[in-house]
Amino acid sequence: MKLESLRLNNNAVKPNSKPMSLRRREAVWGYIFISPWLIGFVIFTLGPMIASLVLSLTDYNITSAPVFIQLANYIKLFTGDLRFWHSLGITIKFAVIAIPLNLVFGFALAFLLNQKVPGLAFWRTIYYLPSVIAGVAVAILWSLIFNPRFGILNWLLSLVGIDGPGWLASPDWALPALVIMSLWSVGGGMIIYLSGLQSIPTTLYEAAELDGANSWQRLIHITIPLMSPVIFYNLVIGIIGTFQYFTEVYVLTATADTGLGGPMESTLFYNVYLYSNAFRYLNMGYASAMAWILFMIVLGLTLLVFRSSALWVYYEGELRK
């Protein structure tokens, strides 16, 4: 009887041991397949992040060995560097204006291009194409558009009797010019909005129309609530991208002597000041401290948006309490 019970116990264990070994093999192969990404993440992302955190606690100018100075860089940023606060203020001001404009324009374009109009594929391509073309080439193009003497924008304004401003040459108009230029890439968000609009069931609109809802009521009570997850996504991406704004402003407004945003530092964005400290003044430790402060600001704003999403983001099928 004892031998028979042992055989039964062994037979009961074996079926359970095979799935465990299969799961273990699957896990091993899974890690093998993702190992190129893991290695790349450790070498090119996590490693540099840790190195920059260490350098932010040092006085390091590339030409000599780093000298550990604890929190001196952070203390100087918050208490003794007026340009730090000036650049942060300009970046926040730009974000407060540019992010809502990009959200509204992207949604409006997507809403229009979701209608039945002739040549729909052509118009969608035309509006999306500028978001693919970015960087220095776009900055040079806009420098010609904003030229106060022979730029096309001031020429168009002159046709209606308006004397155009100096745009990038004026301290008062340089930042608004960059806000206008940021709408150039609104097509990227438009495509995401468009995919969200096309996923809304048409039965909801038909039911609302039968109940007597007009176009405005359908937009407010159906379209926008169901599009709130897409708006939430574009808002987070917009915050991250806006606080990293660099290429266009550096190409268009950076001065030759200091490398800071002109005219009169009216476009001294945070990333421009960070870049100047790192590669023009060779204050790598100081620039690393600025980078970590920027990381904490973006992280804090992103977490704030995530916490607020429970109040305004609606997911279809989710029960509201």
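Just so it is clear, none of the values below were taken in a lab; they were calculated from the coordinates. The structure displayed is predicted, hence computed values, not measured ones. In this analysis, Cβ positions are derived from the backbone assuming ideal geometry, glycine residues included, and neighbour counts consider all displayed protein chains.
Take residue 226 and decide whether it is under 22 Å from residue 74 (Cβ atoms) and assigned to a helix (DSSP H, G or I).
So residue 226 does not fit the description; no.
Name the residue that is farthest from residue 58 (Cα to Cα), counting only residues in region 262-321 that are part of a helix (DSSP H, G or I) and among the β-branched types (Val, Ile, Thr). Only one residue tops the list, namely 305. Residues that are surrounded by 14 or more Cβ atoms within 10 Å (Cβ to Cβ) and among the hydroxyl-bearing types (Ser, Thr, Tyr) number at least 2 in none of the helices (runs of 4 or more DSSP H) confined to region 127-191. Scanning region 103-126 for residues that are surrounded by fewer than 16 Cβ atoms within 10 Å (Cβ to Cβ) and of a type in the set (A, V, I, L, M) yields a count of 7. Among the residues of region 197-206, those identified as in contact with a helix residue (DSSP H, G or I) (Cβ under 9 Å, 6 or more places away or on another chain), more than 13 Å from residue 109 (Cβ to Cβ) and in a helix (DSSP H, G or I) are 204, 205.
Suppose the filter is crowded, with 17+ Cβ neighbours inside 10 Å, out of contact with any Asp or Glu (no Cβ under 8 Å at 6 or more places or on another chain) and part of a helix (DSSP H, G or I); does residue 53 pass it? So residue 53 fails the test. Here residue 157 meets the list (1) in contact (Cβ under 8 Å) with a residue 24 or more places away in the chain; (2) more than 25 Å from the chain's Cα centre (by Cα) almost entirely, failing just condition (1). Restricting attention to region 250-304, the residues that are loosely packed, with under 15 Cβ neighbours inside 10 Å and in contact with a Phe, Trp or Tyr (Cβ under 8 Å, 6 or more places away or on another chain) total 0. Residue 121 meets the conditions (1) among the small types (Gly, Ala, Ser); (2) assigned to a loop (DSSP other than H, G, I, E, B); (3) out of contact with any Ser or Thr (no Cβ under 9 Å at 6 or more places or on another chain) in every case but one. The failed one is (2).
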